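Asks: The structure under discussion is supplied below as structure tokens; questions concerning it will follow.
All of the numbers you see were taken from the coordinates with simple rules; none came from a lab. What you see is a predicted model, and the numbers here were worked out from it, not measured in a lab. Using ideal geometry, Cβ is built from the backbone for each residue, glycine included, and neighbour counts are taken over all protein chains shown.
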Amino acid sequence: MKILISEENFIHNISFLKKKYNKNILPVIKANAYGHGSEIIVKLLIKNKINQCVVARISEAMELLESTGIPKDFQIIILETVEKKDLKEVLKYPQLIVTANSEKDLLNFLDSGIDSQKIQLKIDLGFGRNGIVLDDIPKIKKIILERNLKFSGIFSHLFSVEYSKGIEFIKIFENILNELGRENFQMVHLQNSLAISNYGSLPFVTHLRPGMFIYGFFEDGAYEENLKKVFFLEGEILNIKNVENLEYLAYLSKEEMKNKNLKKIAFIKIGYGDGFLKLNEGDTVLINKKPYKIVLITMDNTFIDVDDKVKIGDEVEIYWDLYSSKKWLNMNICEYLPILSKRILRELK
Ligand SMILES: *Cc1c(COP(=O)(O)O)cnc(C)c1O
């Protein structure tokens with residue numbers, strides 16, 4: 001089985017969002033590009049002259065820099081604080097942009113010789129995760145004025161707050177932006193996919209920061225019908241066996257197979273060793289446009305209950321309907337896709 005990535009649909013999604021909201025797009029490619037494969041996705045970005053992306057950790061950025069030819073003018077924004085011991089990498093690679101999540105971070109970065117043009121400020125609007133807290137804004141302002149700093153950007157994150165609360169947070173963020181001086185920041189961004197769908201095109205932001213939307217899916221409340229799925233997990237049926245002739249099917253006994261009323265079983269090469277969880281047993285795969293049930297998942301193989309219409313070599317699609325798998329697994333799409341391991345090949349469709 002392979003993960004096939006549709007360049008056409010991926011670029012469609014980015015262009016669509018850019019045009020609809022009239023803002024630049026900062027594609028979020030953390031967690032192996034939500035399982036799509038960050039290497040292949042970054043190559044598509046570069047090829048299509050989209051010159052920036054966002055990751056969560058420095059480890060994600062380093063993996064990309066070490067494996068992919070990333071041009072010097074391509075920017076990788078790292079959301080989480082980069083520790084002091086890793087700042088030498090930031091000094092070495094012009095592509096890296098770091099985030100100051102506190103006054104201490106900012107001073108650390110500046111003391112280590114990092115140019116403020118390679119720093120973004122993250123403001124915490126009260127979620128207590130990452131970011132400069134509101135009480136520290138006067139101190140930050142003082143540092144900016146004293147040292148005459150110009151930054152790569154400033155941003156915050158709205159999580160999934162209720163609509164009216166979000167409006168309040170947006171107002172607070174805009175006030176901070178004015179307080180620190182809009183002209184001191186090249187990029188201003190605030191919205192993930194849900195917040196794009198909720199608040200649309202805010203006048204003071206320069207960029208939108210979607211993950212899910214660029215991959216063509218959304219979670220509850222963030223509907224956007226023009227987006228297209230980018231990810232196709234496909235492969236071929238390698239073998240079909242008559243249950244009659246089997247004593248065991250992996251760990252299922254003849255008795256158990258009989259109880260399940262199984263007649264013919266098709267094999268495909270994917271298993272929980274690939275991050276295809278055993279919880280998928282009972283869900284369906286698509287063969288010749290028809291759904292067939294998954295009977296058993298082992299570490300390397302998956303077994304499907306098929307009928308006489310299915311032949312060796314037929315094409316199989318897994319996770320063919322992301323929303324029905326979400327229901328079956330009782331897991332978010334951005335929870336079950338990123339765990340698909342690197343053992344699965346990623347290629348362009
Ligand atoms: C993950 C993340 C995003 C992207 O979120 P989606 O809901 O997938 O659009 C945006 N901003 C931040 C800070 C994130 O951590």
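Asks: Sorting check: for 248-257, 171-180, 331-340, which peptide has the highest mean count of neighbouring beta carbons within 10 Å, and how do the rest follow?
Replies: Packing proxy ranking, top to bottom: 331-340, 171-180, 248-257.
Asks: Additional query: Amide H neighbours of Q75 under 5 Å, counting only residues 5+ apart in sequence or on other chains, H built in-plane at 1.01 Å?
Replies: Q52, C53
Asks: Could you tell me which of V295, F232, A250 has its Cα farthest along the dipole of the chain towards the positive end, charges placed at Cβ (Lys, Arg +1; Asp, Glu -1), taken about the Cα centre?
Replies: F232
Asks: While we're looking at this one, here's another question. Quick one: P(r) of the range 202-247 from all Cα-Cα pairs, 10 Å bins, percents rounded to integers, in order of increasing distance.
Replies: 18, 27, 20, 14, 14, 4, 3
Asks: Stokes-Einstein D for the range 231-348 at 20 °C, 1.002 mPa s, Kirkwood Rh over Cα pairs, in µm²/s?
Replies: Taking Rh from Cα pairs, D becomes 147 µm²/s.
Asks: So, one more: So who's got an amide H within less than 5 Å of the one on L208, skipping anything under 5 residues away but keeping other chains? H placed 1.01 Å off N, in plane.
Replies: Close amide H contacts, sequence-distant or interchain: N24, I25, L26.
Asks: Tabulate in residue order the Karplus-calculated ³J(HN,Hα) for the range 211-216, using 6.51 cos²θ - 1.76 cosθ + 1.60 with θ = phi - 60°, rounded to whole Hz; enter x for Gly and Pro.
Replies: Each residue of the range 211-216 in turn: x, 2, 4, 6, 8, x Hz.
Asks: Would you give the gap between the C-alpha center of the range 41-71 and the C-alpha center of the range 206-246, rounded to a whole Å?
Replies: Spelled out, the Cα-based centre of one part sits 22 Å from the other.
Asks: Express the relative contact order of the chain as a whole percentage, based on alpha carbon pairs under 8 Å and six or more residues apart in sequence.
Replies: Working: 635 pairs, mean separation 69.4, N = 349.
In percent, rounded to a whole number, it is 20.
Asks: As a test of the formula, what do you get for the chain when each DSSP H run with n ≥ 4 contributes -39,500 (n - 2.57) and the sum is divided by the residue count, at 222 nm and rounded to the nearest 500 deg cm²/dmol?
Replies: Using -39500 (n - 2.57) per qualifying helix, the result is -9000 deg cm²/dmol.
Asks: For D283, list long-range residues whose amide hydrogen, built 1.01 Å from N in the peptide plane, is under 5 Å from its own amide hydrogen.
Replies: Distant-sequence amide H within range of D283: I294.
Asks: Calculate one ³J(HN,Hα) per residue across the range 160-172 by plugging θ = phi - 60° into the Karplus curve 6.51 cos²θ - 1.76 cosθ + 1.60, and present them in order as whole Hz with x for glycine and proline.
Replies: Karplus-based 3J(HN,Hα) across the range 160-172 equals 10, 5, 5, 3, 5, 5, x, 4, 4, 4, 4, 4, 4 Hz.
Asks: I would also like to ask the following. Give a residue-ordered list of calculated ³J(HN,Hα) values for the range 189-194 (Karplus: 6.51 cos²θ - 1.76 cosθ + 1.60, θ = phi - 60°; whole Hz; x for Gly, Pro).
Replies: These are the phi-based 3J(HN,Hα) values: 8, 9, 10, 7, 4, 4 Hz.
Asks: Additional query: About the Cα centre, and with charges only on the beta carbon of Lys, Arg (+1) and Asp, Glu (-1), how big is the dipole of the chain? Nearest 20 debye, please.
Replies: Roughly 580 debye for the chain.
Asks: Let me know the shape class of the range 165-322, please: from the alpha-carbon gyration tensor, a ≥ b ≥ c as square roots of the eigenvalues, rounded when a/c is under 1.5, otherwise prolate if a/b is greater than b/c, or oblate.
Replies: Note, shape of the range 165-322 comes out prolate.
Asks: Here's a follow-up. Taking a temperature of 25 °C and a viscosity of 0.890 mPa s, what whole-number D in µm²/s does Stokes-Einstein yield for the chain with Rh from Kirkwood over alpha carbon pairs?
Replies: For the chosen part, D equals 110 µm²/s.
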